[in-house]
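First comes the structure, then the notes that go with it.
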Amino acid sequence: MTSILSSLSAVQISKLSTSTIASLTSEDVNALDSTKIKALSSSQIASLSTDNLALFSSEDLRAISVSAFKGLTLTQIAKLSSAQISGLSASQVTALYTSQIDALSTDQIKALNSAQVAGLSSAQVATLNSSELALFSTDEIKAISANAIAGLSAAALAALSTENAAALTKSQIAALSSTQLNALSSDSLATFSADEIKAISTKLLAGLDVTKLSTGNVAALSRTQISALSSAQFAALSTDQIAALNSDQVAGLSSAQVATLNSSELALFSTDEIKAISANAVAGLSLAGLGTENAAALTKTQIAGLSSTQLNALSSESLATFSTDEIKAISTKALAGLDVTKLSTGNIAALSRAQAAALSSAQFAALSTDQIKALNSDQVAGLSSAQVATLSSSELALFSTDEIKAISANGIAGLSAAALAALSTENAAALTKTQIAGLSSTQLNALTSDSLATFSTDEIKAISARALAGLDASKLSTGNVAALSRTQAAALSSAQFAALSTDQIKALNSDQVAGLSSAQVATLSSSELALFSTDEIKAISANAVAGLSAAALAALSTDNAAALTKTQIAGLSSAQLNALTSDSLATFSTDEIKAISTKALAGLDVTKLSTGNVAALSKTQITALSSAQFAALSTDQIKALGSEQVSGLSSAQVATLSSAELALFSTDEIKAISANAVAGLSLAGLGTENAAALTKTQIAGLSSTQLNALSSDSLATFSTDEIKAISTKALAGLDVTKLSTGNVAALSKAQAAALSSAQFAALSTDQIKALGSEQVSGLSSAQIATLSSAELALFSTDEIKAISANAISGLTLAGLGTENAAALTKTQIAGLSSTQLNALSSDSLATFSTDEIKAISTKALAGIDATKLSTGNVAALSKAQAAALSSAQFAALSTDQIKALNSDQVSGLSSAQVATLNSTELGLFSTDEIKAISANAIAGLSTAAIAGLSSSQAGALSAQQLKVMNDAQVEAVIKAYKAV
């Protein structure tokens with residue numbers, strides 16, 4: 001057994017049962033080295049007897065893994081000697097359960113050293129009672145880690161002497177909980193130095209009973225610690241403790257803490273301490289009853305943090321102590337809730353522009369006359385429209401000219417119509433260009449005509465388009481109208497424009513006319529349009545010309561029609577063009593005809609166009625004609641078309657041509673028909689001459705219906721290139737019986753491949769004979785599948801070889817002769833299925849070379865009848881192919897076939913294949929073949945097969961094979977070995 005244990009690996013040792021471990025002799029235990037001891041599990045360690053455990057040296061004990069060491073029973077722990085205890089690693093001691101620590105005797109606890117103590121956890125330390133903790137030396141007390149110190153019970157700490165308390169380090173104190181701190185006596189806390197007091201975390205301080213702190217303790221607290229005290233703790237401080245606070249600590253107080261101070265407590269603060277209160281904390285102060293002296297002590301920064309409630313709590317006298325800078329420091333938020341009636345005129349004058357602007361409209365409305373008078377131009381410049389809106393006409397009258405001008409563009413919008421209606425012409429004249437630009441239509445309409453008359457040309461131009469849109473234009477003089485900019489004239493609504501008088505319309509100039517919209521132009525009657533000069537007619541924009549009514553255009557003279565520009569004509573609609581007379585259209589030049597938009601042309605009555613008009617149409621315009629318009633063209637108009645125009649015709653347009661109309665087309669015009677348009681032609685009855693005129697590109701666009709409409713003679717006129725130009729889509733619907741052998745021979749590989757299986761099956765013997773090797777190489781499996789054995793016999797050896805690997809799957813190999821079978825290539829054989837292979841005779845399979853046998857796919861091999869393979873076939877199988885045989889196929893192999901296997905093939909066998917071998921079949925394997933069995937396959941050997949191994953076979957098993965065996969196989973090997 002000892003020799004077997006020595007040969008086993010650490011992994012195998014770790015798998016031995018606890019009963020086996022328990023039965024080990026002292027000799028067996030001594031045979032275990034550190035590596036194997038380290039592999040023992042906690043359950044195996046627990047199964048060792050105390051006598052065997054006593055044999056372990058300190059080095060052996062340290063070799064036990066931390067996880068396994070935890071498996072020691074309390075009985076085993078109790079039997080460990082002091083020497084063994086002291087020899088344990090700190091990690092092993094740390095790993096002990098609390099029950100194991102609790103089981104240690106006094107002598108064993110005494111045997112612990114500082115390094116081991118340093119590794120104790122808080123849970124382990126928690127098992128120590130006050131008497132056990134007393135056994136620790138000062139050094140051992142200090143050795144307790146910061147994490148472990150948290151395990152000390154409150155009872156143990158409560159009984160801690162001041163000497164032991166003094167031994168606690170700064171780091172340990174920092175790790176104590178609030179419960180532990182509260183457990184310490186006041187005397188113990190008194191032993192803490194200033195640094196140790198500062199080591200107490202703010203989190204722990206939050207749960208501390210602050211009444212236990214002396215004034216010295218309070219004075220030692222940092223600003224951060226003072227800040228961390230809750231408002232309840234701060235409120236609990238005595239007068240002496242508050243008196244112990246210094247300016248630095250006060251500077252850290254929060255608003256919640258400050259809020260606990262009553263007036264008498266706040267009175268204890270010195271001026272410096274008042275100033276030390278932070279801007280954030282000052283928000284907690286209650287200022288009711290604050291004297292002027294204390295109020296005067298408040299800083300600019302503190303005042304900036306005061307709320308409206310705090311400011312309103314101050315008396316007018318206290319507010320009067322604030323300097324200009326301090327008034328300006330008041331936040332706009334606080335100012336928003338301030339009772340402004342408490343502010344003196346001096347306070348008002350001290351407000352910044354932003355502060356004055358921040359006053360609500362209610363606050364601004366509450367200002368007295370004296371307070372309004374105290375406002376200056378800078379403050380007025382910041383007033384909002386809402387504030388300005390509160391001003392009555394009498395209050396507005398108090399503003400100087402400079403203050404009127406100071407009202408911002410935004411503020412001016414707040415002036416009421418009543419105030420503006422009473423505005424004198426002098427005040428109206430004081431309004432600036434910028435202010436006028438901000439006036440609304442309501443405000444402008446409130447002004448009198450005389451007030452509007454004071455506006456200069458620039459001021460009229462400053463009126464916004466929005467305000468102008470609501471203006472009563474009847475109040476404008478001809479001078480006002482003439483002063484309007486092109487943009488303003490364009491901004492007038494159609495209702496406003498229609499309401500203009502004849503004098504006002506006459507006052508318009510070409511520049512203003514150029515800006516008129518189509519809606520404005522649409523309001524012009526024929527008589528009003530007649531008032532426009534030729535230049536003004538030309539000035540009408542392309543967009544606006546669209547507004548001219550059909551009635552106005554119908555009455556348009558030829559001179560006026562001739563005055564229309566190319567750009568304007570381009571903007572005319574079909575309705576407008578149809579309104580013009582034929583004579584008016586006749587005045588249009590070639591360029592003007594070409595300017596007509598395709599959209600307008602789409603609705604045009606083409607019968608109104610002369611042959612000259614038709615000849616002037618561009619290719620794009622001809623293309624834009626609908627099929628109905630094209631069909632309406634007369635014979636003369638069709639004759640007027642040129643090759644360029646024909647090249648733009650669509651299939652829909654071409655489809656309207658009768659055979660007689662198509663006959664009018666010259667050969668060049670036939671060729672000019674585009675590939676897209678040719679799809680619309682009806683080819684029934686097309687003569688061979690016309691058919692011969694069709695180009696390769698046009699033929700490429702023909703459909704199967706069009707091709708089938710052609711006669712065999714017409715198809716016979718197609719050249720080889722033209723046949724190849726036929727699309728696969730068209731070819732798919734073609735009646736292939738109409739193709740001559742020449743046509744078939746002209747088909748490309750792709751076209752031949754595109755024929756459906758039905759079309760291919762319809763080919764005659766002559767047509768099949770016309771196929772070449774190149775065409776055969778493109779045939780699909782479906783096409784090949786239509787060939788009968790007789791038709792396949794027509795294929796030459798080269799054509800047989802030309803069949804693609806994909807197509808070969810369509811062949812039916814039943815009855816295939818050995819000569820044809822021998823013609824099959826390695827690539828083709830690689831594509832054969834198990835069904836096709838099984839269809840071949842043994843003699844046909846015998847013609848396959850070694851390389852061809854190796855080409856058989858593993859998928860095909862999986863379904864093959866292995867009994868048809870000769871020993872030569874078996875010997876030719878690759879390692880991968882042998883491995884691919886199913887366990888059923890492998891089990892069906894004959895003795896001769898198994899003998900034909902070589903070591904390389906055996907090395908690829910799977911565990912499932914090996915599992916089919918009985919002891920007799922395994923006995924046929926040579927020593928080399930036994931060794932060749934892979935580590936994965938060895939798992940398939942049954943224990944019965946292993947039990948029948950001979951000594952030489954058992955001895956042939958490698959160490960690697962033994963290592964991968966399971967426990968049952970290993971024991972079977974050992975039994976076989978012992979049996980030998």
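The values are calculated or read from the model by the stated rules, or taken from the named source; none is laboratory data. Keep in mind that this is a model prediction, so the values were computed, not measured. Reconstructed Cβ throughout: ideal geometry from the backbone, glycine too, with neighbour counts over all protein chains shown. Accessible surface is based on the protein model in full, side chains and every heavy atom, while ligands, DNA and RNA are left aside. Shrake-Rupley method; radii C 1.70, N 1.55, O 1.52, S 1.80 Å.
This table checks each residue for (1) closer than 30 Å to Ala206 by Cα; (2) of a type in the set (Asp, Glu); (3) not in a helix (DSSP H, G or I).
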| residue | (1), (2), (3) |
| --- | --- |
| Leu253 | yes, no, yes |
| Gln257 | yes, no, no |
| Ala296 | no, no, no |
| Gln302 | yes, no, no |
What is the number of the single condition among (1) at pLDDT 85 or above; (2) of a type outside the set (Asp, Glu); (3) farther than 24 Å from Leu492 by Cβ; (4) open to solvent by 60 Å² or more (accessible area, probe 1.4 Å) that Ala397 does not meet? (1)
Has the stretch 341-358 got at least one residue that is assigned to a helix (DSSP H, G or I), over 24 Å from Ser400 (Cα atoms) and open to solvent by less than 60 Å² (accessible area, probe 1.4 Å)? yes
Residues of the stretch 24-46 satisfying the condition of being surrounded by fewer than 20 Cβ atoms within 10 Å (Cβ to Cβ) and either polar (S, T, N, Q) or farther than 17 Å from Arg62 by Cβ (or both): Thr25, Ser26, Glu27, Asp28, Asn30, Ala31, Ser34, Thr35, Ser41, Ser42, Ser43, Ala46
Residues being closer than 22 Å to Ala498 by Cβ, surrounded by 13 or more Cβ atoms within 10 Å (Cβ to Cβ) and among the polar types (S, T, N, Q): count how many of those fall in the stretch 449-463. 0
Say we look at the stretch 849-863 and pick out the residues that are part of a helix (DSSP H, G or I) and of a type in the set (Ser, Thr, Tyr); which of these is farthest from the chain's Cα centre (by Cα)? Thr850
Is at least one residue of the stretch 231-242 within 20 Å of Asp272 (Cα to Cα) and open to solvent by less than 50 Å² (accessible area, probe 1.4 Å)? yes
Would you check which residues across the stretch 154-188 are within 13 Å of Leu205 (Cα to Cα) and surrounded by 15 or more Cβ atoms within 10 Å (Cβ to Cβ) and list them? Ile173, Ala174, Ala175, Leu176, Ser177, Ser178, Gln180, Leu181, Asn182
Considering only the stretch 246-259, I want to know if a residue exists there that is free of Cβ contacts under 8 Å to residues at least 24 places away in the same chain and more than 16 Å from Ile173 (Cα to Cα). no
Which is open to solvent by less than 40 Å² (accessible area, probe 1.4 Å), within 16 Å of Ile77 (Cβ to Cβ), among the aliphatic types (A, V, I, L, M) and assigned to a loop (DSSP other than H, G, I, E, B), of Leu128, Leu120? Leu120
Ala283 of a type in the set (A, V, I, L, M, F, W, C), surrounded by fewer than 16 Cβ atoms within 10 Å (Cβ to Cβ) and either at pLDDT 85 or above or assigned to a helix (DSSP H, G or I) (or both): no
Where the second residue is part of a loop (DSSP other than H, G, I, E, B) and surrounded by 20 or more Cβ atoms within 10 Å (Cβ to Cβ) and the first is among the aromatic types (Phe, Trp, Tyr) and lies in the stretch 859-886, which pairs have Cβ atoms under 9 Å and are six or more apart or on separate chains? none
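Yes or no, residue by residue, for (1) aliphatic (A, V, I, L, M); (2) surrounded by fewer than 19 Cβ atoms within 10 Å (Cβ to Cβ):
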| position | (1), (2) |
| --- | --- |
| Ala297 | yes, yes |
| Ala304 | yes, yes |
| Ser307 | no, yes |
| Leu314 | yes, no |
| Thr324 | no, yes |
| Ile327 | yes, no |
Answer residue from the stretch 794-809, given it is open to solvent by less than 70 Å² (accessible area, probe 1.4 Å) and part of a loop (DSSP other than H, G, I, E, B) and is nearest to Lys826 (Cα to Cα) among those: Ala805
Among residues of the stretch 18-67 being of a type in the set (A, V, I, L, M), more than 16 Å from Ser91 (Cβ to Cβ) and outside any helix (DSSP H, G or I), the residue nearest to the chain's Cα centre (by Cα) is Leu40
Quick one: which helices (runs of 4 or more DSSP H) lie wholly within the stretch 692-784 and hold at least 1 residues that are among the β-branched types (Val, Ile, Thr)? 696-700, 704-709, 720-725, 728-732, 741-746, 765-769, 773-776, 781-784
Does the stretch 47-59 hold any residues that are open to solvent by 40 Å² or more (accessible area, probe 1.4 Å) and not hydrophobic (A, V, I, L, M, F, W, C), and which are they? Ser49, Thr50, Asp51, Ser57, Ser58, Glu59
Looking at Ser773, Ser834 in this structure, which one is modelled with pLDDT of 85 or more, open to solvent by 20 Å² or more (accessible area, probe 1.4 Å) and closer than 23 Å to Lys868 by Cβ? Ser834
Taking Leu72 and the conditions (1) within 60 Å of the chain's Cα centre (by Cα); (2) surrounded by fewer than 15 Cβ atoms within 10 Å (Cβ to Cβ); (3) modelled with pLDDT of 90 or more; (4) farther than 24 Å from Glu140 by Cα, which numbered condition does it fall short on, given that it satisfies the others? (2)
Counting only residues in the stretch 864-910 that are outside any loop (DSSP other than H, G, I, E, B) and touching a Lys or Arg at 6+ places or on another chain (Cβ under 6 Å), the one most open to solvent (accessible area, probe 1.4 Å) is identified as Asp904
Applying the selection to the stretch 81-108, what residues are under 19 Å from Ala148 (Cα atoms) and part of a helix (DSSP H, G or I)? Ala90, Ser91, Gln92, Val93, Thr94, Ala95, Thr98, Ser99, Gln100, Ile101, Asp102
Only one of (1) outside any loop (DSSP other than H, G, I, E, B); (2) buried (at least 18 other Cβ atoms within 10 Å of the Cβ); (3) free of Cβ contacts under 8 Å to residues at least 24 places away in the same chain fails for Ala660. Which number is that? (2)
In the stretch 945-980, what residues are surrounded by 19 or more Cβ atoms within 10 Å (Cβ to Cβ) and farther than 22 Å from Leu16 by Cβ? Ala945, Leu949
Limited to the stretch 420-436, what total is found for residues that are at pLDDT 85 or above and buried (at least 20 other Cβ atoms within 10 Å of the Cβ)? 3
Those residues of the stretch 471-491 that are under 50 Å from the mean Cα position of the chain (by Cα) and open to solvent by less than 50 Å² (accessible area, probe 1.4 Å) come to a total of 3
In this structure, does Ser942 turn out to be polar (S, T, N, Q) and open to solvent by 50 Å² or more (accessible area, probe 1.4 Å)? yes
